[in-house]
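Contents: one structure, followed by commentary.
The values are calculated or read from the model by the stated rules, or taken from the named source; none is laboratory data. Source: prediction; values computed, not measured. Every residue, glycine among them, receives a Cβ derived from its backbone with ideal geometry; neighbour counts consider all protein chains shown. Side chains included, ligands, DNA and RNA excluded: accessible areas come from the protein's heavy atoms. Shrake-Rupley method; radii C 1.70, N 1.55, O 1.52, S 1.80 Å.
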Amino acid sequence: MPLSQILLALFSLPSPPSPIIFEVGPIALSYHGLLIALGIAVGTWLTGRELARRGYDGVLALGALFFVVPLGVLGGRLYHVATEYHRYTRNPFPKVLETYDGGLGIYGAVAGGFLGLLLFSWYRGINALTFADAAAPGLALGQAIGRWGNYFNQELFGQPSDLPWAIRIAPLRRPTEYADATSFHPTFLYEALWDVLVCLVLLWVARRFSERLKAGDVFILYVSLYSVGRFLVETLRVDPAFMIGDSVRGNLLVSGALTLGFALLLLLRHSRSSQGTKGCH
């Protein structure tokens, strides 16, 4: 069977009719929640390995979860509600607390998780930037896994496409202007693949340039590289999102600013050190 037909069979299938795996009373397990939990587990494992490589106890990665996860969820929800506030003006409570309906904003989750990491590092008396460097590859890999939850929710898709790997979206999930289209770019897949690439690049950089890196460089590089991929994905996405003006997707502007801002920060950190080295000769 040709590769194009295999890809068509894999990705053109519609998502399951329900995003819920099973439900018992008030307790429900969703595909998205399960994949996020799996992403956290894998990311924590990789963070532990990176901490051990830097001379720390890898078990610290588990302890940090009690700080990072709650604040990450809080930050992600605050970002989502702040950028989608129109969805909650009529019935703010308990609607804003229902994280399964509308989800979390990744940039808010990273900011909240970073705050949790700072608190944990202060509590344990370790270098927060070194911890952030160790966590960055695992964070990217965890995001790659979690993004597959969007497949089961039939969300985060792009423009209509007839490519072999285009994904079918149910009529009720399609924007009204694309009601006649049946298959769309799987932008969640593009972002997941980009996140895996970012993880691999960060691991390589951390080893290849270990003697030249400053504490915090790997995390700064993560933010910049992830934002590059997010910017490109946002140019394809057509699902509902917060807008700036009438035509600019908010996350397009945010990711573009973070790409340039953190890349400039990394350059400035090393340009100053190189100038200082030259001044010593």
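A few comments on the model shown:
- Derived scalar couplings ³J(HN,Hα) [the range 204-212; Karplus, 6.51 cos²θ - 1.76 cosθ + 1.60; whole Hz; x for Gly, Pro]: 5, 4, 4, 8, 5, 10, 4, 7, 9
- The length gained by stretching the chain between residue 127 and residue 236 to full extension, at 0.36 nm per residue less their Cα-Cα distance, is 35.3 nm.
- In the context of the full set of protein chains, the range 176-270 has a per residue accessible area of 51 Å² (1.4 Å probe).
- Prolate/oblate/rounded label for the range 90-235 (Cα gyration tensor, a/c 1.5): oblate
- Remark: the range 46-61, residue by residue, has Karplus-estimated 3J(HN,Hα) of 5, 4, x, 5, 5, 5, 4, 5, 8, x, 9, 6, x, 5, 4, 4 Hz, where x stands for each Gly or Pro and the curve is 6.51 cos²θ - 1.76 cosθ + 1.60 at θ = phi - 60°.
- Accessible-area composition of the range 206-245, carbon plus sulfur, in percent [1.4 Å probe]: 61
- Shape of the range 152-224, Cα gyration tensor, a/c cut at 1.5: prolate
- Two-site FRET efficiency, residue 271 against residue 161, from Cβ-Cβ distance with R₀ of 41 Å, rounded to 0.05: 0.45
- Per-pair calculated FRET efficiency, R0 = 30 Å: residue 20 and residue 264 via Cβ, rounded to 0.05: 0.10
- Full extension of the chain segment joining residue 182 with residue 37 gains 49.1 nm, where the gain is 0.36 nm per residue of separation less the Cα-Cα distance.
- The length gained on full extension between residue 208 and residue 248, counted as 0.36 nm times the residue separation minus their Cα-Cα distance, comes to 10.5 nm.
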